[in-house]
Amino acid sequence: MNNNDSILERYGENLTKVKYLVNPAVARDKELKELVMVLLTPEKSAVLVGKPGIGKTAIVEGLAYRLQLGDIPNALKGYSVYKISTPSLIGNHGGENKVMALVEELKTKDKIILFIDEIHMLMGASNQGPMDLANMFKEGLSRGSVKIVGATTVDEYERYILRDKAFVRRFEKVDIAEPTQEMCTQILMRTIPKIEIQTGVKLPYTDFIKENICKFIVNMTSEYKRVYEISSRYPDIALVVLRQAFSAALYDNKNQVGFKHIYEAIKTTKAVYPDVIKKELVVFMEEFKDELSLEGVVVEIPE
């Protein structure tokens, strides 16, 4: 089979061949262990269930990262993790249903972990009605050499997946909770080097100041300060603000993030309510007054 005929190669991404700048699954050891335990269970695959933006994909990337390092039980060593886009599986490939073609391809493969995000979308992807995914993948799953990790939200799990008893028997649910504020701060701290490499911009402060910046961003995006409609959670909602500070530095053609850029990211964020931004900027001025003064930054509170 050449790459043009391979569903995995054409529509998938081999996460075990990605170069990770940092561990993608910071502070997620518990969830990773639970996922690995399911994958070690004969005839079982996993479905990660949690709210949007909490890092379900990062946990699977963390699995691939551990496979790269060999930091994995011997029974899973040598496995490859393929991420495949759910929308890309809807429709036909060479006149054949893509999911069916993928199932046939998986029968010829060994030591594959297939990651399907938004797996609930495939439950109704057939013109003949909802697909019986559990039975379609049954042969590969029963051989034990092909494992599947799905991901979906709590609402979609309850709406689509719980009704499919065969699917529920084959797929073990792994609940992914939103990180705590402490965990989210740690995630931001460990992600800074990755953003620095991606952007070529440095956050030029001591670890103590960096941690205080991260704590501030995490606190200002806590649950009851978020714009309800955006539906995002930790760590994604806090990471967006942090990345916006780097973007502000790039806009100014600077190779370092200053407190001016952090201020701009806070002031312009769409993630929290406008009245929250006003209050948080007052806290920001007080908490970082020495740094703001040193850099000559004048903070204005929005009207």
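Rule-based calculations on the coordinates, nothing more; no lab input. A quick note: this is a predicted structure, and the numbers were derived from the prediction, not measured. Note that each Cβ is placed from the backbone with ideal geometry, even for glycine, and that neighbours are counted across all protein chains shown.
Things worth noting here:
- Cα gyration tensor shape for region 227-287, rounded if a/c is under 1.5, else prolate or oblate: oblate
- Considering only the chain, percent of DSSP beta bridges that pair antiparallel, nearest 5: 25
- Ascending count of other beta-carbon atoms within 10 Å, so fewest first, for Thr269, Thr152: Thr269, Thr152
- Taking other C-beta atoms within 10 angstrom as a stand-in for reagent exposure, Tyr224, Tyr79, Tyr65, Tyr205 fall in the order Tyr224, Tyr205, Tyr79, Tyr65, fewest first.
- Put in order of Cβ neighbour count within 10 Å, fewest first, the listed residues Val26, Val257 become Val26, Val257.
- Measuring against 20 Å, Cα to Cα, the residue pairs Lys19/Lys194; Lys194/Lys215; Lys33/Lys165; Lys77/Lys173; Lys33/Lys56; Lys83/Lys147 contain Lys33/Lys165; Lys77/Lys173 as the ones spanning a longer distance.
- Anisotropy class of region 181-290 from Cα gyration tensor, a/c 1.5 cut: rounded
- Peptides 297-303, 248-254, ordered by how many other C-beta atoms sit within 10 Å of their residues on average, highest first, read 248-254, 297-303.
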